[in-house]
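The values are calculated or read from the model by the stated rules, or taken from the named source; none is laboratory data. Note that the structure is a prediction, hence the values are computed from the model and not measured. Glycine also receives a Cβ, built like all others from the backbone with ideal geometry; neighbour counts cover every protein chain displayed. Accessible surface areas use protein heavy atoms only, side chains included; no ligands, DNA or RNA. Shrake-Rupley method; radii C 1.70, N 1.55, O 1.52, S 1.80 Å.
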Amino acid sequence: MSATAAAGVRAPAGGLLALLASTDHKSVGRRLIGVSVAFFLAGGVMALLMRTELAQPGLQVVSTDVYNQLFSMHGSVMIYLFMTPIGLALGVYLVPLQVGAREIAGPRWALGGLWLDVMGGLIMLSGFLTVDGAASATWIGVDPLSRAPNTPSMGMDMWVLGVAVATLGQTIFAACVLVTALRRRTPDMTLLRIPVFAWTMIATCLMVVFAFPVLVGTMVMLWIERQFGVQIADPVTYQHLFWFYGHPVVYVMFFPFVGAVGEVFANFAARRFFGYRFFVVSILAFAGLSMTVWGHHMFTSGQVEDKYFALTSTMLVLPAGIEYFDLIGTLWTGRIRWSAALLFGLGFLLQFLIGGVTGIWVAAPTIDQHDNNSYIVVAHFHYTLFGGSAFGLFAAVYYWWPKITGWYLGERLGRLHFWLWVIGFNVTFLPMFWLGFDGMTRRIADYPPHPGWATVNLVETVGAFVIALGMAVFLLNLALSSLRARAAPADAWAGGQTLEWASDSPPPRHNFDVVPPVRSYAPLWDLRAAAQGAAPE
Amino acid sequence: MSALRRSLPVAAWGAFLLALAVVALIFRPDSQTVVLGFGLAVSVIVAGGSVLRARRGRRAAGDVEYTPDLSVATVVAAVGVSLAIAGAEAGTWLVAIGLGVAVAGVGGLVRELRAERRERTRVRTR
């Protein structure tokens, strides 16, 4: 223990050891973001291979067996190893700063969680190195396909273990974020002074802490079943247990970015977040409802009570509507400053709307019978998870990048990245609604030469490569901006409202020399208003 | 902040989940839905209660942090546990290596925690 530590102010540790073992929440958050992006690139390569295969009818690039591995691992990597942990990583980095804490609660636990996440991912991907290849029973390990007689490969076993380890890690660092937000706030930050993003992280982490352990248990059960040939749970019970995790995780991959976009809108519209109290109540109601809708994934099994799950699933439109109303209200009378972050936020708002509305379709049991297992489902969840969450993520990336690194990303390349993604994303996924209506089923390596299908699939493949081009532009932006390294001040966008903008960019090891007084959920706004002689709202 | 207010988000959320579980009963659902719905609500309420009771954990911004900047032992323990789990598939040799690494990590953690306790005592008595 250093003397500076005892004084409460510490210099950051450096070197390779710090890269591996720093307990600083900012370092843990940065490493989690980096690792998640690496997994994202791996999942993206798998997507491009799949789309290339589907560009024409027939098998040209990969075999059916490899295709099955690719779609199973693409879904697994994107959900278990990218979108879920990267949303939580933003919380690990930002929540202690936003609530005025010096450190995250349980820093060692958070560090351990990071390494379990990394190791779980590596275990999962190591399936590709085995003789029979990686897992091929879809990202949900659908039972009975995931039982040993149907998918006997070692890669499938590695998938089961990898999912369990990575999910355990995510549960641990989510618990650290939750305890930080509830127990480590600066003394004058009451519950209704917690910033919007931190509230969305509270809701996210509540879902993680109560839903993710069920998946860990389910994977242990599946592994025992596969190893010893016993049946602990029938396929319907497996589906209940899996989707008890599997639906909340959709919102775990959504809420952090709603909060991020809310912060972006408030800053770039130069006004306080609109409808704060309604937003807080709605996000908790949203999280509660999302824990009770899992059965809508099982409508076609005929083994769940359709009416209850249709009711709770449809009720989701109420809190979602409030959140949309608040986000639009924040922009409505604002003085808009255009930026790449704001553009990605708007992309999130509009594209997630399509994902949300099509979610209402599949929440209706009768329509779900028609849509089930078709490309409509693929289009729907990519509109929520890519058009929504990934765009929200990049709104957060462009917004908080100067805070995290101390230098800005290039605006011009940022906007090019945005437009390439808007075009590429919609060209790839919008036609899938038509393919689905026309009867094309998902998870197939080949399709019959049905009139129009080949052309539409070719167009979608071109769209996928435009998305990849957009990602290349982002990486180029990263490289060029790091060379230029245009230094960012503490309040990088000259309008920050929450406490992280009161700290240096990047923040010191101890986060704050002095935590500013907190009189609302936008304490820096209050300080500026007070300095200008205006009465606080 | 009072303990009651501290536990409010978790407790209110648990009460909402309980209400949803009760609504489910109207529809006479299958047993899994009932068990999962009520199990969730009860576990959230119990967690809310424990947040209510817990006294430790709240710290002011100026409080001293005793956690070391680097915790190699944590990384060693996490990697060891992961290797042991992977060994369940790869073979007992990896289980043995993983458990050995994990034990070394836990030993390091015990050492770190003792050092922390000593430092805390030293600062308090100064």
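Just a few scattered comments:
- In the set A:Val208, A:Val214, only one residue is open to solvent by less than 20 Å² (accessible area, probe 1.4 Å) and assigned to a helix (DSSP H, G or I); that residue is A:Val208.
- One residue from A:Thr130, A:Thr167, A:Thr171, A:Thr138 being β-branched (Val, Ile, Thr), surrounded by 24 or more Cβ atoms within 10 Å (Cβ to Cβ) and more than 8 Å from chain B (Cβ to nearest Cβ): A:Thr167
- Counting the residues of region B:1-48 that are of a type in the set (Phe, Trp, Tyr) and under 29 Å from A:Thr180 (Cβ atoms) gives 2.
- Residue match in region A:322-340 (condition: aliphatic (A, V, I, L, M), closer than 29 Å to B:Leu18 by Cα and open to solvent by 10 Å² or more (accessible area, probe 1.4 Å)): yes
- Candidates B:Ala84, B:Ala73, B:Ala78 - the one that is modelled with pLDDT of 90 or more, more than 19 Å from A:Asp24 (Cα to Cα) and either buried (at least 17 other Cβ atoms within 10 Å of the Cβ) or more than 7 Å from chain A (Cβ to nearest Cβ) (or both): B:Ala84
- The residue of region B:42-62 that is modelled with the highest pLDDT, among those that are more than 7 Å from chain A (Cβ to nearest Cβ) and outside any helix (DSSP H, G or I), is B:Ala54.
- Selected residue (criterion: nearest to A:Tyr238 (Cα to Cα)) from residues of region A:277-292 that are open to solvent by less than 10 Å² (accessible area, probe 1.4 Å) and more than 10 Å from chain B (Cβ to nearest Cβ): A:Ser290
- Residue match in region A:350-364 (condition: over 21 Å from A:Leu385 (Cβ atoms), without any contact (Cβ under 8 Å) to a residue 12 or more places away in the chain and either in contact with a Lys or Arg (Cβ under 8 Å, 6 or more places away or on another chain) or surrounded by fewer than 17 Cβ atoms within 10 Å (Cβ to Cβ) (or both)): no
- Some residue of region A:447-456 being modelled with pLDDT of 95 or more, under 26 Å from A:Asp371 (Cα atoms) and out of contact with any helix residue (DSSP H, G or I) (no Cβ under 8 Å at 6 or more places or on another chain): yes
- Considering each residue of region B:97-110 in turn, none proves to be more than 10 Å from chain A (Cβ to nearest Cβ) and under 20 Å from A:Met156 (Cα atoms).
- Restricting A:Gly141, A:Gly120, A:Gly127 to residues that are within 22 Å of A:Thr171 (Cβ to Cβ), assigned to a helix (DSSP H, G or I) and touching a residue at least 24 places away in the same chain (Cβ under 8 Å) narrows the list to A:Gly120.
- Scanning region A:487-502 for residues that are touching a residue at least 60 places away in the same chain (Cβ under 8 Å) and either within 20 Å of A:Leu342 (Cα to Cα) or surrounded by 14 or more Cβ atoms within 10 Å (Cβ to Cβ) (or both) yields a count of 10.
- Flag for A:Val261 being at pLDDT 95 or above, within 13 Å of another protein chain (Cβ to nearest Cβ) and part of a helix (DSSP H, G or I): no
- Of the helices (runs of 4 or more DSSP H) that lie entirely inside region A:366-458, those containing 2 or more residues that are farther than 30 Å from A:Asp491 by Cβ span A:375-382, A:411-437.
- Number of positions in region A:324-365 that are assigned to a helix (DSSP H, G or I) and more than 21 Å from A:Trp294 (Cβ to Cβ): 23
- Scanning region A:505-527 for residues being in contact with a Phe, Trp or Tyr (Cβ under 9 Å, 6 or more places away or on another chain) and part of a loop (DSSP other than H, G, I, E, B) gives a total of 4.
- Residue pairs meeting the criteria (Cβ under 8 Å; at least 6 apart or on separate chains; first free of Cβ contacts under 8 Å to residues at least 40 places away in the same chain, in region A:460-476; second surrounded by fewer than 18 Cβ atoms within 10 Å (Cβ to Cβ) and among the polar types (S, T, N, Q)): none
- Qualifying residue in region A:280-296 (condition: touching a Phe, Trp or Tyr at 6+ places or on another chain (Cβ under 8 Å), in a loop (DSSP other than H, G, I, E, B) and among the small types (Gly, Ala, Ser)): no
- Candidates are the residues of region A:293-316 that are within 30 Å of A:Phe274 (Cα to Cα) and under 20 Å from the mean Cα position of the chain (by Cα); the one that is nearest to the other protein chains (Cβ to nearest Cβ) is A:Val293.
- Filter result for A:Ala379 (aliphatic (A, V, I, L, M) and open to solvent by 10 Å² or more (accessible area, probe 1.4 Å)): no
- The set of residues in region A:225-249 being surrounded by fewer than 21 Cβ atoms within 10 Å (Cβ to Cβ) and either in a loop (DSSP other than H, G, I, E, B) or within 18 Å of the chain's Cα centre (by Cα) (or both) consists of A:Gly229, A:Val230, A:Gln231, A:Ile232, A:Ala233, A:Asp234, A:Gly246.
- When residues of region A:174-205 are limited to those that are outside any helix (DSSP H, G or I) and polar (S, T, N, Q), the one nearest to the other protein chains (Cβ to nearest Cβ): A:Thr186
- Residue within region A:52-65 that is part of a helix (DSSP H, G or I), modelled with pLDDT of 90 or more and over 20 Å from A:Phe465 (Cα atoms) present: yes
- Filter pass, B:Ala115 being at the interface with chain A (Cβ under 10 Å from one of its Cβ atoms), on the phi < 0 side of the Ramachandran plot, assigned to a helix (DSSP H, G or I) and buried (at least 21 other Cβ atoms within 10 Å of the Cβ): no
- Matching residues, region A:125-180, being among the polar types (S, T, N, Q) and in contact with a helix residue (DSSP H, G or I) (Cβ under 7 Å, 6 or more places away or on another chain): A:Ser126, A:Thr130, A:Ser136, A:Thr138, A:Ser146, A:Thr167, A:Gln170, A:Thr171, A:Thr180
- Within region A:51-70, being free of Cβ contacts under 8 Å to residues at least 60 places away in the same chain and buried (at least 18 other Cβ atoms within 10 Å of the Cβ) holds for one residue alone: A:Leu70.
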